[in-house]
Amino acid sequence: MALKQEILRYSRQEKIRSLSSWFESNLQQLIDSDVYVDLNSLEDIGHKIVKGLFNYSQKYKINTAVIGVSGGVDSALTAALFKAAGWKVIGVTMPIHQLQEETDRGIEACTHLGLEHLHIDLTDQYEKLLTSVSQYDLKIKDPACSIRRGNLRVRSRMITVYNIASMYSGLVASTDNFSELAAGFWTLHGDVGDLAPIQSLNKSWEVPKLAEIYNVPKATVFATPTDGLGISKGDEDQFGFSYLEFDIILLRLCQCFTTFNNRSQILEYLQVPDLELAYVNRILDRIRMSSFKRQNPFNLPHPLQDNRYPGLTNIDYSLWTK
């Protein structure tokens, strides 16, 4: 099957809507320039990530990873890569009013990948937290506050996995991908852990196809992406665009290596037709509005001495270099 057809299949784009001719031509450009890589290159990417995880374990003398397994492809792939690198992997399913099919996929992934598995239902804990918050925030149960309630769920789960990781002298694995990083589709101080093997991988092709290569169950590979928080029918429903459409814009801009002075220059570079202008601007707005997350915490420099942060970086480098 041609690479473009494979990408359309694994991104589930064909089930969402057909790509417009403009998006399709940009996708082809990314394929022709090897930004969307073929199967051989993708296998090489997997080998290098596994080697990186192995080297990290050897360098920092840590070999246990605790992962919140949601039933989605990102957490399953993350677990599979750690497992392939020889880590002890503890997969934790933590439903909070979660759809049973999502929880079942998470349990299936843990079993299929041979992970140690813990199942901790956090629903009661979440309800008590929600009640305690409601005492000073009367609007928390308003339907318009669904994202805020979702953040409480995510942070409750992260408290749980960090406690387990501490018990095993391990670390918490991050399961976010590059598309989510750019879209800000994650909770500050919530679902970002210590070591992130897939944060450079795009959601529309590299993540699902690599997941298949690393033996993640098919039902998980092709599952509709969702935050598991009940905020919407799925990630793309919440965005208003597909992951493939988002990735096409994101990767075209990353490919440019040009510093743009304003949005107009971006639109000119992309040669966006009038018909696609509102759609592309929606994608650019999503990236812009989440930039603060990628700089957290934003460190103000020392008012008098500019060597503090560079000096600490140099100390770290010196102490870890043999």
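The values are calculated or read from the model by the stated rules, or taken from the named source; none is laboratory data. Computed from a predicted model, the values in this text were never measured in an experiment. Methodologically, a virtual Cβ is constructed for each residue, glycine included, from the backbone with ideal geometry; neighbour enumeration extends over all protein chains shown.
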Give the stretch 261-295 a look and list any residue that's under 29 Å from Val192 (Cα atoms) and in a loop (DSSP other than H, G, I, E, B), or say none. Ser290, Ser291, Phe292
crowded, with 18+ Cβ neighbours inside 10 Å and in the same structural domain as Gly71 (by TED's automatic domain parsing) - does that describe any residue in the stretch 130-146? no
Can you tell me which residues in the stretch 273-312 are among the small types (Gly, Ala, Ser) and either outside the structural domain of Asp247 (by TED's automatic domain parsing) or in contact with a helix residue (DSSP H, G or I) (Cβ under 7 Å, 6 or more places away or on another chain) (or both)? Ser290, Gly311
Only residues that are outside any helix (DSSP H, G or I), in contact (Cβ under 8 Å) with a residue 60 or more places away in the chain and β-branched (Val, Ile, Thr): list them for the stretch 59-88, please. Ile62, Thr64, Val66, Ile67
Note on the stretch 104-132: residues small (Gly, Ala, Ser) and over 21 Å from Thr64 (Cα atoms) are Ser132
Under the condition of being in a helix (DSSP H, G or I), of a type in the set (Asp, Glu) and free of Cβ contacts under 8 Å to residues at least 60 places away in the same chain, which residue from the stretch 1-46 is surrounded by the fewest Cβ atoms within 10 Å (Cβ to Cβ)? Asp32
